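The values are calculated or read from the model by the stated rules, or taken from the named source; none is laboratory data. Everything numeric here is computed off the predicted structure, so don't read it as measured data. In this analysis, Cβ positions are derived from the backbone assuming ideal geometry, glycine residues included, and neighbour counts consider all displayed protein chains. Surface areas here come from the heavy atoms of the whole protein model, side chains and all, with no ligands, DNA or RNA. Shrake-Rupley method; radii C 1.70, N 1.55, O 1.52, S 1.80 Å.
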Amino acid sequence: QVQLVESGGGLVQPGGSLRLSCAASGSIFNINAMRWYRQAPGKQRELVAFCTSDGTTNYADSVKGRFTISRDNAKNTVYMQMNSLKPEDTAVYYCNADIRVHFFRPYSTFWGQGTQVTVSS
């Protein structure tokens, strides 16, 4: 079975920084795209950033220039460096990844359990 485990969330003051990590483990043959989503109270889950296996990245307009997604393919881990944090960045952050568990199996999307990020003074 495949697991995604996020870490790095917490409470930070406006203007501060956090670095989220998400490590995939288990029966993994190959990982394609890895993504970060977030969900604020009372709002829909939204895509924040993604990174393909060849390093192509894309960001939501609300975080461009402040957040940076990266990955370490050898460690099956995706990161997100979040700088200049704002109160509106407060949310539960989830990672997901498109993973093949075997050469003959198609990609499936797996989700982590989420990590809380709170930006407040």
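Miscellaneous remarks
- Carbon/sulfur fraction of accessible area - the chain, other protein chains in place, 1.4 Å, %: 47 percent
- Highest average packing first - 6-16, 83-93, Cβ atoms within 10 Å: 83-93, 6-16
- Shape class of the chain from the Cα gyration tensor (axes a ≥ b ≥ c, square roots of the eigenvalues): prolate, since a/c reaches 1.5 or more and a/b is larger than b/c.
- Order by protection proxy (mean Cβ within 10 Å, highest first), peptides 75-81, 103-109: 75-81, 103-109
- Counting only protein heavy atoms and a 1.4 Å probe, the stretch 38-116 has 56 square angstrom of accessible area per residue.
- Spin-label proximity, Ala40 to the stretch 58-73 - amide N less than 12 Å from point 7 Å beyond Cα toward beta carbon: 62-63
- Alpha-carbon centroid distance for the pair the stretch 1-27 / the stretch 39-67, whole angstrom: 14 Å
- The simple spin-label model puts a point 7 Å past each Cα toward its Cβ; for Ala60 and Ser120 those points are separated by 2.0 nm.
- Under the simplified labelling scheme, the Arg19-Arg105 pair shows an inter-label distance of 3.1 nm, with each label point 7 Å from Cα along Cα→Cβ.
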